[in-house]
Amino acid sequence: MFPVQINPANYSFTVVGGGEIANHKVKNLLRFGIKPLVISPHFHPDLLTLEKDGLIELKQKFAEWSDLIDAHFIILVTNDEQANDRLAKQAVAAGKLVVHAANPALGNAQLPAVLRRGKLQISVATDGASPTLAKQIRDDLAEQYDEKYESYLAFLAEVRQFVKVHVQERSERNKWLKEAATPLYLEQAEARLILWKRLYHRNNVEY
Ligand SMILES: C[C@@]1(CC(=O)O)c2cc3[nH]c(cc4nc(cc5[nH]c(cc(n2)[C@H]1CCC(=O)O)[C@@](C)(CC(=O)O)[C@@H]5CCC(=O)O)C(CC(=O)O)=C4CCC(=O)O)c(CCC(=O)O)c3CC(=O)O
Ligand SMILES: NC(=O)C1=CN([C@@H]2O[C@H](COP(=O)(O)OP(=O)(O)OC[C@H]3O[C@@H](n4cnc5c(N)ncnc54)[C@H](O)[C@@H]3O)[C@@H](O)[C@H]2O)C=CC1
């Protein structure tokens, strides 16, 4: 499996099936700002509420290949094994990204367990060996990489932007970026201010 971070903005996501698992997968997509189309003859009550709130779109029918032509990323979670298998085959052949939740070998993509701390994102995947372990590892990492990382990543991003604009020399740039990524600046917000002052001073920028 090849890991990659996708900007979902210009992709259309379709979830096929409207049950318990579809509901779980849809809520996962919503965490990433994705507005999926959900196709199913019946819908979990939460999905009906999400549609009323304008967060997802619903199409009430048994899904067919013609419903998937415009989809880029497809998550197959019906309880009809034959429908899942048939649609997976057609969608994979058409070059789409396909999650076949019941039989991952028939798809070409899988959803990892994800921890988000602002701009920090940690994904844990086991290639279907044990989603339970993926979730456990993610939850263990959540303790190590706690909420502090959210503001820390925002700080690192700002420092990096500044350094890219104001520090021309590459080794000098890397020196600042490596220093910013040391534990002192994770732990102590006051130390971040001092680093900023030094950065401004060193580069003759008005503080
Ligand atoms: C292939 C994949 C589909 C895909 O790509 O979507 C898939 C497939 C299957 N899952 C099954 C079961 C469970 N899945 C979970 C949980 C999660 N499953 C997720 C991903 C994936 N699951 C992909 C592989 C990812 C990988 O291996 O790294 C997570 C990480 C992400 C997410 O779903 O958002 C999310 C945890 C994160 C979170 O909660 O945040 C739990 C535990 C729980 O819910 O507590 C159980 C019950 C215990 C167990 O079985 O371990 C079954 C058996 C069904 C049956 O028995 O009928 C199948 C089918 C099969 O394997 O045959
Ligand atoms: N985390 C994961 O990835 C997990 C995946 N699964 C798999 O997910 C699948 C669905 O499980 P549940 O949601 O619990 O089932 P469910 O029975 O709650 O829901 C199935 C849904 O599929 C719909 N459906 C049936 N035929 C359809 C078709 N042709 N087109 C569109 N929708 C159709 C039904 O109307 C229903 O809404 C199963 O195949 C199961 O093996 C199960 C557990 C965990």
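Here are a few things to note about the model shown:
- Residue count for the range 1-14, restricted to those that are farther than 17 Å from Ser123 by Cα and either within 9 Å of ligand 2 (Cβ to nearest atom) or assigned to a helix (DSSP H, G or I) (or both): 2
- Residue check for Leu29: within 25 Å of Thr132 (Cβ to Cβ), open to solvent by less than 60 Å² (accessible area, probe 1.4 Å) and either within 16 Å of ligand 2 (Cβ to nearest atom) or assigned to a loop (DSSP other than H, G, I, E, B) (or both): yes
- Scope the range 86-111; condition surrounded by 15 or more Cβ atoms within 10 Å (Cβ to Cβ) and part of a loop (DSSP other than H, G, I, E, B); matching residues: Lys96, Ala101, Ala102, Gly107, Asn108, Ala109, Gln110, Leu111
- Hits in the range 1-24 - residues which are in contact with a strand residue (DSSP E or B) (Cβ under 6 Å, 6 or more places away or on another chain) and open to solvent by 40 Å² or more (accessible area, probe 1.4 Å): Tyr11
- Residue selected from the range 67-85 under the condition assigned to a loop (DSSP other than H, G, I, E, B) and open to solvent by 50 Å² or more (accessible area, probe 1.4 Å), by the criterion nearest to ligand 1 (Cβ to nearest atom): Asn79
- Hits in the range 112-122 - residues which are open to solvent by 60 Å² or more (accessible area, probe 1.4 Å) and within 16 Å of ligand 2 (Cβ to nearest atom): none
The values are calculated or read from the model by the stated rules, or taken from the named source; none is laboratory data. From a predicted model like this one, the values you see are computed outputs, not experimental measurements. Neighbour counts are summed over all protein chains in view; Cβ atoms, including those assigned to glycine, are modelled from backbone coordinates with ideal geometry. Surface areas here come from the heavy atoms of the whole protein model, side chains and all, with no ligands, DNA or RNA. Shrake-Rupley method; radii C 1.70, N 1.55, O 1.52, S 1.80 Å.
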